[in-house]
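What follows draws every value from the coordinates through simple rules; no lab data is involved. What you see is a predicted model, and the numbers here were worked out from it, not measured in a lab. Cβ sites come from the backbone with ideal geometry, for glycine too, and all protein chains shown count toward neighbours.
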Amino acid sequence: MPSQKRYVVLVPAPLQGHITPILQLGTILESRGFSIIVAHSDYNAPDPKNHPSFSFLSLSDDEVASYDKSFQNMLMVLVAMNKKYRAKFRDYLVDHMIQNKVEVEVEDEDEDADGVSSGRCVIIYDRIMYCADEVAKELKIPSIVMRPYSSAYELSRKIVLHLKEVGCLPLPETQIEDMVPELQPFRYKDLPFPQFTTLAMTTSTNNDGIPEAVTKFWEVTHSNGSSQAVIWNTMEEIESEKTLSVLEQYYQIPFFCIAPIHKMAPQSLKTSLLQEDNSCVEWLDKQSPNSVLYVSLGSIATMNENELIETAWGLAKSEVPFLWVIRKWPNDMMKGNVKLPDHFEEIIGERGKIVVWAPQKEVLAHSAVGGFWSHCGWNSTMESISEGVPMICKPSFSDQRINARYVTDIWKVGLQLERSFDRGDVETIVRRLMMDGVEGNAIRKRALDFNYKFEVSMQKGGCSYESLDKFTEFISSLYM
Ligand code: UDP
């Protein structure tokens, strides 16, 4: 008998912030009757033990495996992955479909390549892994893009590409504080100009400040290829006015907004690439409600020596209890051979806890956590505000400045630490957020309103609940 299974092939980008939401989506879809296959890179590969009912396909390639995977080189690595993984992914899909007798319902041989039916398999991929869509197109398999960030960020990339095309870059210094007319209330300085990222350092930069490799990559990843829909981990209610509808009109394919996706997936699901240190939860259990500041810069952002030292002494001087994630090799959070001040942990004693990697979702849901100092990655932002935890924003690159602007000036659920800061700035901002006071309390109250918004959106009749139902219907229709 031919298999009746409806397969979803997930193709994550090999970065923690991208792998997590796509695996969460896969788990949700599995609970709705789909069989999940994950086609992944060996670099930052998901752990199959955390997903025993999923099938895994390694797309490894010796040449790509030998590349330097530092952040500065990541763009080149991602481009190479797309080039090298394509053939293996295609061959696998052809074999898999034939093996599973994907009811070769081919009536007209010309319609389907290699006897692969266009039904019974749908590819959901991170747009960074655009090779998945090239294969989908070739084999006439339906594909859906997952964009694990805000629609304001996607629109901001479109605006940067446009500014480049019309020769307006680099922007004069006098313009960077101005509002972007198509993306109010964001300012030019919130846009993700690559010169703010270290990605730009390894590639040759044009006069306009945007390296050719970045432009090409953005052009490809900004488009949706041949995909039939887009999934976002966001909701219309939290996005800046019209960003979703402007993009939907531009792309002309349906959007499904399922947020916060981490709360719609089973809470027991583990997606961390690094070992979580659960001792910090025991430490949190001993702290008073809302008293602890959680400090973490996600999986990629770093601090230089001065930032680390000033943060350490600022936290110490604030007298606020803190839980601080300081990543170690191979994802070192500190640049170079930077160390905490001598005897820092002794000085702090029980008031501070430092770990290499935390179970972040559990930490943010813990009643002792009253604030989150974050780099403002989209997952961290969603994880924080959906728990009603206010933030201190210290954005660096990519979508982080857009997200920080949302947090501080649009949703008003956090404060921003300026680019260059000292221990006094840290002490002040931590106290403003964490100590009882009119400002901190108002921010906390607004953050709790967000927690409520998200809870409502996930209940029957709520926008994320309904969107997930519609998405399930949509994807089911692709197997007909
Ligand atoms: N994270 C974690 N433990 C940590 C730090 C981060 O589990 O100690 C997770 C966090 O919950 C989030 C992801 O890593 O889901 C980071 O993604 P985000 O988009 O916030 O930032 P990125 O790492 O992509 O910059």
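Annotations
- The GluC sites (Glu not before Pro) of segment 372-454 meeting both criteria, a DSSP state outside H, G, I, E and B (loop) and at most 16 other C-beta atoms within 10 angstrom of the site's C-beta, are GLU418.
- Length-normalised contact order of segment 279-457 in % [C-alpha pairs under 8 Å, at least 6 apart]: 26
- The mean sequence distance of close C-alpha pairs (under 8 Å, at least 6 residues apart), as a share of the length of the chain, puts its relative contact order at 15 percent.
- Those lysines that a straight Cα-Cα span of less than 22 Å connects to LYS263, excepting residues fewer than 8 apart in one chain: LYS49, LYS361, LYS445, LYS453, LYS460, LYS470
- Sorted by Cβ neighbour density within 10 Å, fewest at the top, the residues HIS262, HIS162, HIS222: HIS162, HIS222, HIS262
- Residue order, fewest to most surrounding Cβ atoms within 10 angstrom, among PHE372, PHE474: PHE474, PHE372
- Per-residue packing, averaged as other Cβ atoms within 10 Å, sorts the ranges 176-188, 16-28 into the order 16-28, 176-188, beginning with the highest.
- For the chain, with +1 on Lys and Arg beta carbons and -1 on Asp and Glu, the positive-most of ASN304, GLN459, PHE372 along the dipole: PHE372
- Helical runs (DSSP H, four residues minimum) scored at -39500 (n - 2.57) apiece and divided by the length of the chain put the mean residue ellipticity at 222 nm at -12000 deg cm²/dmol.
- Bridgeable aspartates and glutamates around LYS270 (alpha carbons under 16 Å apart, same-chain partners fewer than 8 residues away excluded): GLU30, ASP47, GLU362, GLU383.
- SER58-LYS286 FRET efficiency (beta carbon distance; Förster radius 35 Å; 0.05 resolution): 0.25
- Over segment 227-382, Cα pairs under 8 Å with separation of 6+ residues give a relative contact order of 29 percent.
- Debye, to nearest 20: dipole size of the chain, +1 on Lys, Arg Cβ, -1 on Asp, Glu Cβ: 740
- Look at TYR7, TYR85, TYR251 and count the other Cβ atoms within 10 Å of each Cβ; fewest to most, that gives TYR251, TYR7, TYR85.
- Förster-model FRET efficiency, 25 Å R0, ASP178 and TYR250, C-beta, rounded to 0.05: 0.60
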